[in-house]
1. Just for segment 22-38: of the residues that are of a type outside the set (Asp, Glu) and closer than 18 Å to Thr261 by Cβ, which one is surrounded by the most Cβ atoms within 10 Å (Cβ to Cβ)?
2. Here is a list: Gly229, Gly240. Which entry is at positive phi, surrounded by 13 or more Cβ atoms within 10 Å (Cβ to Cβ) and outside the structural domain of Gly147 (by TED's automatic domain parsing)?
3. May I ask you to verify whether Asp108 is surrounded by 23 or more Cβ atoms within 10 Å (Cβ to Cβ), charged (D, E, K, R) and outside the structural domain of Pro177 (by TED's automatic domain parsing)?
4. Going through segment 181-203 one residue at a time, which ones are over 19 Å from Phe69 (Cα atoms) and exposed (fewer than 14 other Cβ atoms within 10 Å of the Cβ)?
5. Taking the residues in segment 45-56 that are farther than 14 Å from Glu77 by Cα and not aromatic (Phe, Trp, Tyr) as candidates, determine which candidate is farthest from the chain's Cα centre (by Cα).
6. Taking the conditions exactly as written (within 22 Å of Ala31 (Cβ to Cβ) and in a loop (DSSP other than H, G, I, E, B)), does Tyr272 satisfy them or not?
7. Looking only at segment 157-184, which residues are more than 22 Å from Asp54 (Cα to Cα) and touching a residue at least 24 places away in the same chain (Cβ under 8 Å)?
Amino acid sequence: MIRNSIETSYNERIARTRELLREADYVLIGAGAGLSTAAGILYSGEPFEMAFADFIRRYGFTDLYSSSFYPFGTEEEKWAYWSRHVDYARLVPDALPLYRQLMTLVQDKPYFVVTTNVDGQFRKAGCDAERLFEVQGDYALIQGATGCDGHTYDASELFRRMVAEQRDCRIPTELVPRLRQFNPDAPKDEAMDIHVRKDMYFVEDEPWQQMQARYEAFLEEALGSSASGNPNKVVLLELGVGFNTPTIIRYPFERLAAQRTNTALVRINKDYPDAQLSSLDDFVSFDEDTAQILSDLLTSACRWD
C-alpha cells in the first residue's frame, strides 16, 4: 500500500497506478475543471483575452468563470456573451488529446465517468454515453429560466447564429430565445437560461435522471463482490477536482476509498493533491503534469490482458 504518496518517487507512483489499473475489476473516473484546464480549455490568459476582447473592454471581464455571473442589463447582451462562451468552451474545441488519452487508458475496463465539467469533452473523446454522468449540465443545452416545463433543449445551432450575427456585444432581438419557441405547450412563455447548475432552477430532466440512475447502477455493481465472493477491485481515478463543488466527487471518493476494502484512490491534481482523510490505505496522488502522467501510464498500460 502507498500512503502519503506525493512524497514517494514519481516512478513508484506510476508503477503503482499501473498495477492498480491492471488488476482493477472496475474503474470510476471523477473529473473536474482542472482536467479541462490541463487539456487546454483556458478560462483566463491570452486565449480568453483574444476571444473576448470586446467584452473585456466593455465590461472589464478578467476570466471566463467570474464573467459568468455578470448581471447583464438586457437579454441581447446576456446571450451575446453566453453564445460566445459556449462557442469558445463547448462548440469549437474538438476532442482534446488529454481526454483521448484518458479514454484510451480505460477502454478495456468496465468504467464509468462522473464529471462536473459542462464542456462535452468526454462525449467528443469517445466516452460511451451510457457510462457518463454530467452532473452540472451541458453548455450546449438551454432551459426555461425557472425550469417550468422540466425540459432542456439543444441550442448549438442557435448559439452559432448568435455568434455570427452579434455586434457590439449584442445579438439581434429576434435571436433571443423564449421557451415556447422550443415547447409550444409550455405552461408559460418564460425567458431561457443556460443549462448549468448555478441556482435552484437547474432542470434535472429525464435524460439527466437516466444518467444518474446508470451511475448508481454502476456503483452498485462495482461495489459488490466477484463470483469468488471477494470484493471487486475498484480504482477511483480522480482528475482535476478541486474545492468548488467537492461534495460531488472529491469527498465521496475519499469516503469510499476509506470505507471499502479493495478500493484505491488515484488523485491527479496540480493544486490540491493531498487527501483530507487520514484513513486512506491505498492512495496515490500526483501534482505533476497531467499529460505526462497519462502518457507514462499509457506507455505500457493500453491493454490490460
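The values are calculated or read from the model by the stated rules, or taken from the named source; none is laboratory data. Everything numeric in this text was worked out from a predicted model, so none of it was measured. Reconstructed Cβ throughout: ideal geometry from the backbone, glycine too, with neighbour counts over all protein chains shown.
1. Restricting attention to segment 22-38, the residues satisfying the condition of being of a type outside the set (Asp, Glu) are 22, 24, 26-38.
Right, trim to closer than 18 Å to Thr261 by Cβ and you get 24, 26-28.
On the way: Ala24: 24, Tyr26: 21, Val27: 22, Leu28: 27.
Restricting to residues being of a type outside the set (Asp, Glu) and closer than 18 Å to Thr261 by Cβ, the top hit is Leu28.
2. Details: Gly229 fails: surrounded by 13 or more Cβ atoms within 10 Å (Cβ to Cβ).
Among Gly229, Gly240, only Gly240 is at positive phi, surrounded by 13 or more Cβ atoms within 10 Å (Cβ to Cβ) and outside the structural domain of Gly147 (by TED's automatic domain parsing).
3. On the way: surrounded by 23 or more Cβ atoms within 10 Å (Cβ to Cβ): no; charged (D, E, K, R): yes; outside the structural domain of Pro177 (by TED's automatic domain parsing): yes.
It is false that Asp108 is surrounded by 23 or more Cβ atoms within 10 Å (Cβ to Cβ), charged (D, E, K, R) and outside the structural domain of Pro177 (by TED's automatic domain parsing).
4. Applying the first criterion (over 19 Å from Phe69 (Cα atoms)) to segment 181-203 yields 181-190.
Hits for segment 181-203 are Gln181, Pro184, Asp185, Pro187, Lys188, Asp189.
5. Initial filter on segment 45-56 (farther than 14 Å from Glu77 by Cα): 45-51, 53.
Retained after the next criterion (residues that are not aromatic (Phe, Trp, Tyr)): 45-47, 49-51, 53.
On the way: Gly45: 21, Glu46: 23, Pro47: 20, Glu49: 23, Met50: 24, Ala51: 22, Ala53: 26 Å.
Selected residue: Ala53.
6. Numbers: within 22 Å of Ala31 (Cβ to Cβ): yes; in a loop (DSSP other than H, G, I, E, B): yes.
Answer is yes for this residue.
7. Pro177, Leu179, Phe182, Asn183
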